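Worksheet: the structure to be examined is printed underneath.
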Amino acid sequence: MNWKQRFHQYMEKLKSIWKSGKVQRSSRISYDVGWNVLLFFLIIGFIGMFFAGGVGAGYFASLVKDEPVLSYETMQQDIYNYEETSKLYFADDKYFGDVQSDLHREEVTLENISPVLLDAVIATEDENFEEHHGVVPKAILRAVLQEVTNSEVKTGGSTLTQQLIKNQILTNEVSFERKAKEILLALRLERFFEKDEILEAYLNIVPYGRDASGNNIAGVQTAAQGIFGVDAKDVNIAQAAYLAGLPQSPSAYTPFLNGGDLKDEDGLQRGINRMKTVLNRMLESSYITKAEYDESINYDIVADFKEASPSPVEKYPYLTFEVEKKATEVIMYQLAEKDGYTKDDLEKDSALKEDYEVKAERDLRKNGYNIHTTIDKDIYEAFQEVATNYDNYGPTVTVTETNSETGETEEVQERVQTGGMLIENSTGRIISFVGGRGYDENNNINYISDNVVRSNGSTMKPLLDYAPAMEEGVIQPGSPVADVKKQISGGWNYGEPGNYGGGYHGIVSARTALQNSYNVPAADIYSRIMDINPAEKYLEKMGITSISEDLYGIASLSIGVAELTLEENINAFTTFGNNGKFADAYMIEKITNQDGDVVYEHKAEPVEVFSPQTTYLTIDMMRDVISSGTAGYLRPQLSNGSVDWAGKTGTSNNYHDAWFVATNPNVTFGTWIGYDNNRPINNASTNYSHRNLKLWAELINSAAAINPELVTPSETFKRPDGIVQRSYCAISGMLPSELCEKAGLVKSDLFNAKYVPTETDDSLVSGSSVIVNGKAVVAGANTPDEFVTGDGLMFSPEFLKRNGYDKLPDLTQLYPRTETEKWKRIGVPGAGAEIGDAIEDDGKDPSAPTSLSKSGSKLTWKKSGSNDVVGYRVYRATKAGGKFSLVGSTTETSYTIGNNNAIYHVKAVDYFGRESAASKEIMVGNTSEPEPETPDSNKETDNEKKTADENNESKKEDKQQEESNNDQEEEKEENSQDEESSQDEENNQDDSEDEQ
């Protein structure tokens, strides 16, 4: 039987069985049993699922029961409440760095982010971002299952929305409660916000590791700039993939170490591998083509990493810290004002001020302000280079100091430090500054900062003495002021004022006194105006507020004994460059928020301090300081010597500080040098003032090379109306008299027309003077010439009394060191003399001197008892009984005779020419030898008298020649000192030695 037959039989058998109904009956029973069993388990399963779901829902509800239902406004505030770094700018919007912060972040909008970067983030972090409603259930179940089973592989279950919630509203705590709240808030957030809003917020808050400066960074724009040096809108595919991969593990994948240097090859490879993973996901999600993938996977991303770059604190330390401080101050006052507090309120309450300082610092570091400064980038960088490379500050000294932590002594090197500031006069705009010679851990003081104060020495004089006195009409440039040894009314901290190097200069003009920085005239002038409180009336208007009010009534303030900041001192001089108006210096031009809205903008509010006339006169006097005074060394150091600069040098007590501040029609610039711990700087072969002047010149030359129109203008200070030139008498400052003209002491100078002298000089009277009973009086017609001083002129007694000169121990102190020969023709009393009235004639001869004796080579005697004696005549005879002849005359009570052999007596001579009887005789040496006879005794007497007269005349000529030589030597020495500027300023110690 073949197979076909067998198959047929088999099929027939099956049909027979089917027809019998046995199969149907058996299948129905099995089906019913199986279905019932399956239905049972399905029911049990659904009941279990609903139970589990209920339990899960109940558990979820218990986890979030305390979570408040957030409104849209609350969620919006929380989501966008991320700290954003404030940025710093030079003038002209030149960015130079960020405010110091633990985390650097810059906000960016979605339209300024490259689409390929958005694709990379979505492909990596949340591929279902556009479809889900805040959470992906299967991802959550997967994450929960992995957590329950303690799986080693954790794929995560957080959407971008959840990550945003975690970073901005919740914490990083790992717990079911935190996860439940995250899910709830993510669902709610998706109801309120568009997908683009969520994505933009996420990209601005997510951390990205470190940048090339070693800063911790967050936000995709900060990352793109900090890692690749490009904006987020300009990244390529490989760069986008690298950035998108960083948030998973920022510290592990970042290419930079803490200091900003690149990691080694192994360290870099982790981030590169992560980049390749992102590229794979982008390809799988069809965000890039296979060709783009192949190009990007082989891209040399390491070549795009930025080189390590210094942070702004490292590159511009002085500037960064100063701008942050000043910006904090601006914001502090703004915050306080919003709360109803004034600046004065904060200054009076230190605790309140500290509270607002903290608030302002926090505000500055988290609100992403743009801080626009006044600082010119190019000039600032040039200043730093000059200050760093200048090689003539003076010697570095080795000093022993005690370590505050260990208590041990150690030797440290201390360098001469410096500070300087360049300010625009009309606005107060700080163009540039020098904070020191280099900022590091061991030397981190910014010398132009508010917490550094120094004594300003003679730079105080135009500010406090000369300009205020001219404004008050007390002096004018030509006003005579006596530089003599004297007490100053108003209190002097250190005895009486003196000048650098000692010595005085007699009656000089106010112009000359300022030009050479004499101290006594400055102190004298200040004492005349102290009753109007010039410190309060003028200094405070010029921004000088650091000085204690206790010093306002101390006359030594006039020469700079008080301490103030460098900015205050330099800033005050801008008043003279701005026609008498003070515009306070400032460094913060404006502050804007990230939307470009201006939250602060400086507004100059100039304050009128001096009239244009006073200002110009002060400027003209300070021109002389540079042309022929204590800053005479400066002009040859300048690259443009034609600029109309006017300035003042200054030296503080014991040579601790050297200053120079000068102004021109556009800008004011000042520099200071000194040791941090107040050591003398006159410790080198090069004059300390010259060292500072040369530094000043090099700095201003560098600024002029960059912006000559601003720094070295061609225009000069314009003379205002109300300034006139007039002649005056150099003795009194009054209109010239005939006698002043005869003395050759008529001078000419500029005057404020309001204060031109109107009275004629009365300082001189005709005739010569003699001393009578210790008082100077005009010589009479019969007064012997031999006792008369002066060339037909003498100081008026009334003038001397009116000016207090009659109290001087020696009126020759009034003679200045220039034109001395003219002044010496004016008769003055001798040492200790007073000014007397006219002498009445009693008609009697004076009484004879008594107690004639010899002491050494001198004859001495007691003065005549008469009150009108003007001098004494000395007579000599060569032998006892011989004729006496006149050998000399004197106004003293002694006379040098040498050791010759003779007999002497003395006679007193009164104002009217009468001679007293002879004193008792005194024999000197051996007079026993007979004298040769003379045929004509009268002739002999005449000859002896003639010889004596000739001898006296010769002595007078010798004395005059000696005085002339001395004057020439003094003038020579003074000129030499001026040239060397060792008066250096300051005929100097200017400032200060004076206080000792």
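The values are calculated or read from the model by the stated rules, or taken from the named source; none is laboratory data. Source: prediction; values computed, not measured. Cβ placement follows ideal geometry from the backbone for every residue including glycine, while neighbour counts extend to all protein chains displayed.
When residue 292 is tested against (1) assigned to a helix (DSSP H, G or I); (2) in contact (Cβ under 8 Å) with a residue 60 or more places away in the chain, just one condition goes unmet, and that condition is (2).
Being assigned to a loop (DSSP other than H, G, I, E, B) and of a type in the set (S, T, N, Q) is the filter; apply it to region 454-486 and report the residue that is nearest to the chain's Cα centre (by Cα). Out of the qualifying residues, it is 456.
Got a sec? Which strands (runs of 3 or more DSSP E) wholly within region 640-688 have at least 2 residues that are within 23 Å of residue 437 (Cβ to Cβ) and touching a His at 6+ places or on another chain (Cβ under 8 Å)?
667-675
For residue 85, the test of being within 30 Å of residue 317 (Cβ to Cβ) and either touching a Leu at 6+ places or on another chain (Cβ under 9 Å) or at pLDDT 55 or above (or both) is passed. Inspect region 525-534 for any residue being assigned by TED's automatic domain parsing to the domain that holds residue 456, among the small types (Gly, Ala, Ser) and under 21 Å from the mean Cα position of the chain (by Cα) and give the result as yes or no. Within region 525-534 (the criterion being assigned by TED's automatic domain parsing to the domain that holds residue 456, among the small types (Gly, Ala, Ser) and under 21 Å from the mean Cα position of the chain (by Cα)), the answer is no, since none of the residues qualifies.
Only a single criterion out of (1) part of a helix (DSSP H, G or I); (2) within 26 Å of residue 449 (Cβ to Cβ); (3) in contact with a helix residue (DSSP H, G or I) (Cβ under 7 Å, 6 or more places away or on another chain); (4) modelled with pLDDT under 95 is not satisfied by residue 550, namely (3).
Scoring residue 317 on the criteria (1) over 26 Å from residue 597 (Cα atoms); (2) modelled with pLDDT under 90 leaves a single failure, condition (2). Taking the conditions exactly as written (crowded, with 18+ Cβ neighbours inside 10 Å, in a helix (DSSP H, G or I) and not β-branched (Val, Ile, Thr)), does residue 269 satisfy them or not? No: the conditions fail for residue 269. Give me a count of the residues in region 157-197 that are at pLDDT below 75 and of a type in the set (Val, Ile, Thr). So the answer is 3. Any residue in region 901-909 that is at pLDDT 85 or above and part of a loop (DSSP other than H, G, I, E, B)? The answer is yes, given that some residue of region 901-909 is at pLDDT 85 or above and part of a loop (DSSP other than H, G, I, E, B). In this entry, residue 377 passes the filter for residues that are under 28 Å from residue 583 (Cα atoms), crowded, with 18+ Cβ neighbours inside 10 Å, outside the structural domain of residue 570 (by TED's automatic domain parsing) and of a type in the set (Lys, Arg). Within region 268-326, the set of residues being among the basic types (Lys, Arg) and within 29 Å of the chain's Cα centre (by Cα) comprises 315, 325, 326.
Residue count for region 279-300 under the criterion of being buried (at least 20 other Cβ atoms within 10 Å of the Cβ) and either among the hydrophobic types (A, V, I, L, M, F, W, C) or not assigned by TED's automatic domain parsing to the domain that holds residue 94 (or both): the result is 3. Looking at region 715-735, is at least one residue within 34 Å of the chain's Cα centre (by Cα), over 17 Å from residue 617 (Cβ atoms) and not aliphatic (A, V, I, L, M)? So far as region 715-735 goes, yes, one or more of its residues are within 34 Å of the chain's Cα centre (by Cα), over 17 Å from residue 617 (Cβ atoms) and not aliphatic (A, V, I, L, M). Pairing each residue of region 720-732 that is over 25 Å from residue 610 (Cβ atoms) with any residue that is in a strand (DSSP E or B) and among the aromatic types (Phe, Trp, Tyr), provided the two are 6+ apart or on different chains, yields C-beta distances under 9 Å for 731/795.
Just one of (1) within 24 Å of the chain's Cα centre (by Cα); (2) outside any loop (DSSP other than H, G, I, E, B) fails for residue 451. It is (2). Counting only strands (runs of 3 or more DSSP E) that fall entirely inside region 756-852 and contain at least 3 residues that are over 24 Å from residue 865 (Cβ atoms), the qualifying elements are 764-766, 793-795. Taken over region 576-624, residues that are closer than 24 Å to residue 716 by Cβ and outside any strand (DSSP E or B) amount to 25.
Being assigned by TED's automatic domain parsing to the domain that holds residue 523 and either under 17 Å from residue 422 (Cβ atoms) or of a type in the set (Phe, Trp, Tyr) (or both) is a condition met by no residue of region 590-597. Applying the selection to region 506-528, what residues are surrounded by fewer than 23 Cβ atoms within 10 Å (Cβ to Cβ) and either part of a helix (DSSP H, G or I) or among the charged types (D, E, K, R) (or both)? Residues satisfying the conditions are 527, 528. Annotation note: Cβ proximity below 8 Å between a residue of region 899-916 that is touching a residue at least 60 places away in the same chain (Cβ under 8 Å) and a residue that is aromatic (Phe, Trp, Tyr) and surrounded by 15 or more Cβ atoms within 10 Å (Cβ to Cβ) (sequence gap 6+ or interchain) occurs for 908/872; 909/787; 909/872. Applying a threshold of 8 Å to beta carbon distances and a minimum spacing of six or more residues, or different chains, the list of pairs starting in region 97-110 at a residue that is under 19 Å from residue 312 (Cβ atoms) and in contact (Cβ under 8 Å) with a residue 24 or more places away in the chain and ending at one that is surrounded by 21 or more Cβ atoms within 10 Å (Cβ to Cβ) and among the basic types (Lys, Arg) reads 99/365; 100/365; 101/365.
Taken together, the residues in region 245-290 that are within 13 Å of residue 208 (Cα to Cα), in contact with a Ser or Thr (Cβ under 8 Å, 6 or more places away or on another chain) and of a type in the set (A, V, I, L, M) amount to 1. Among the residues making up region 714-746, those that are buried (at least 18 other Cβ atoms within 10 Å of the Cβ), under 13 Å from residue 476 (Cα atoms) and either assigned by TED's automatic domain parsing to the domain that holds residue 667 or not hydrophobic (A, V, I, L, M, F, W, C) (or both) are 728, 732, 733. When the criteria are applied in full, residue 711 fails the requirement of being surrounded by fewer than 21 Cβ atoms within 10 Å (Cβ to Cβ) and either without any contact (Cβ under 8 Å) to a residue 24 or more places away in the chain or among the aliphatic types (A, V, I, L, M) (or both). Among all residues of region 325-341, there is none that is of a type in the set (D, E, K, R) and touching a helix residue (DSSP H, G or I) at 6+ places or on another chain (Cβ under 7 Å). The residues of region 539-550 that are surrounded by 15 or more Cβ atoms within 10 Å (Cβ to Cβ) and either more than 20 Å from the chain's Cα centre (by Cα) or free of Cβ contacts under 8 Å to residues at least 40 places away in the same chain (or both), listed by number, are 540, 547. Name the residues in region 576-628 that are buried (at least 22 other Cβ atoms within 10 Å of the Cβ) and closer than 12 Å to residue 646 by Cβ, would you? The answer is 576, 577, 615, 616, 617, 618, 619, 621, 622, 625, 626.
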